[in-house]
Each structure stands twice: as structure tokens, then as C-alpha cells.
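The values are calculated or read from the model by the stated rules, or taken from the named source; none is laboratory data. Note that this is a predicted model, so its numbers are computed, not measured. In this analysis, Cβ positions are derived from the backbone assuming ideal geometry, glycine residues included, and neighbour counts consider all displayed protein chains. Side chains are part of the model used for accessible areas, which takes the heavy atoms of the whole protein and leaves out ligands, DNA and RNA. Shrake-Rupley method; radii C 1.70, N 1.55, O 1.52, S 1.80 Å.
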Amino acid sequence: MSEAMLPPVLSIPVAVLVESCPGVTMWQDRVWKPLAVLEEAPPVPPMTRLREEDGREVWFAGTATVTLHRTDTPNYRENLTAAEPRIWVLLRPKGDAVALAAVTVDPGEAEIFTENPHDILEALPLPPGIAVLLASFVEQHHVEREFHKRRRDRQ
């Protein structure tokens, strides 16, 4: 089995809170954005309103799995060494609400998520418990790869 076909090595369950505020234009009733990533899910079903204050609502969007692959450790390492390590949350509009589409700690994967202009992508602070798991995973699986510059063949 090739390295690319190996199954994921670690899956981390997370829970996501989103915020809904009144829209500021006549074309948008509500504005949705990811608010926080939790290490444990509250005991309520997905898309449950948790709090409302002055038109601002906090919702439990649901749970997702952050999947770590051993071949992506350079990207995880880059994230961990940043001034503020991040976790990216992708929301997809669904009628008048949103659906939780994905959560990742890989900056490269987060960049791919920007391709759909209708999706909502937000970089949030990486929770401490997930940061510890991620650092441990990188330490255990990272392999430094040498860069080989190819030379053109002389004709």
C-alpha cells in the first residue's frame, strides 16, 4: 500500500459554535460566522440556539472531526510555529441558516476551502487541548524531507 493510500492516523472530534447577527444590507437578513471551536460538545442537538442578546444569536452548529494525516505534518508544523496557531472552520449556507462543512488545522487545506465564494471560512484560535494533540502528532510522525533541485538534461 502506498503512503498516499494509508488511512488517517488521528481523528479529533470537535464542536463548533457560530454567531448570527442581523444583516447590514437589504440583501442579507442575517450574517453568520464561526465563533469558537470547543473540545467537548454541549448536550444539545446541532443548530440549537444557545443564547440571544440584542439580535445577536449564538448557536451550536454541530460536531466535526479534525483528521490528521502523517504526510501533512509540515503544514501542521507551520501552523504550530505561527504567532497564533489557528483552526479553520468552514460553514456552508443552507437556506436561511448554515451547515458545518469542515474543520481543519492544515493551512493548505484551509486555502483550498476559499475556492467557493458562497462558503464562510474563519480562522479561530487553536484550542489548547487540540494544540497539545497536534504537537504530539507532529513530533511522532514528522519526517524532514530533502529538497532536490532538478537539473535540465543537456541535449
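Residues in segment 117-141 that are open to solvent by less than 60 Å² (accessible area, probe 1.4 Å), farther than 18 Å from P85 by Cα and either in a loop (DSSP other than H, G, I, E, B) or free of Cβ contacts under 8 Å to residues at least 12 places away in the same chain (or both): D119 alone. Among the residues of segment 62-78, is there at least one that is open to solvent by less than 40 Å² (accessible area, probe 1.4 Å), closer than 30 Å to D29 by Cα, of a type in the set (A, V, I, L, M, F, W, C) and modelled with pLDDT of 95 or more? Yes, some residue in segment 62-78 is open to solvent by less than 40 Å² (accessible area, probe 1.4 Å), closer than 30 Å to D29 by Cα, of a type in the set (A, V, I, L, M, F, W, C) and modelled with pLDDT of 95 or more. Before we move on, is T104 at pLDDT 95 or above, hydroxyl-bearing (S, T, Y) and open to solvent by 40 Å² or more (accessible area, probe 1.4 Å)? Spelling it out, it is not the case that T104 is at pLDDT 95 or above, hydroxyl-bearing (S, T, Y) and open to solvent by 40 Å² or more (accessible area, probe 1.4 Å). For segment 82-96, the set of residues classified as open to solvent by 60 Å² or more (accessible area, probe 1.4 Å), at pLDDT 95 or above and part of a loop (DSSP other than H, G, I, E, B) consists of A83, E84, listed by residue number. A64 - would you say it is without any contact (Cβ under 8 Å) to a residue 24 or more places away in the chain, in a strand (DSSP E or B), of a type outside the set (K, R) and out of contact with any Pro (no Cβ under 7 Å at 6 or more places or on another chain)? When the stated conditions are applied, A64 does not pass them. For the condition at pLDDT below 95 and surrounded by 12 or more Cβ atoms within 10 Å (Cβ to Cβ), H148 does not qualify.
Among the residues of segment 36-43, are any part of a helix (DSSP H, G or I) and either of a type in the set (D, E) or at pLDDT below 95 (or both)? Spell out how you get there, then give the answer.
First pass over segment 36-43, keeping only residues part of a helix (DSSP H, G or I): none.
No, the conditions are met nowhere in segment 36-43.
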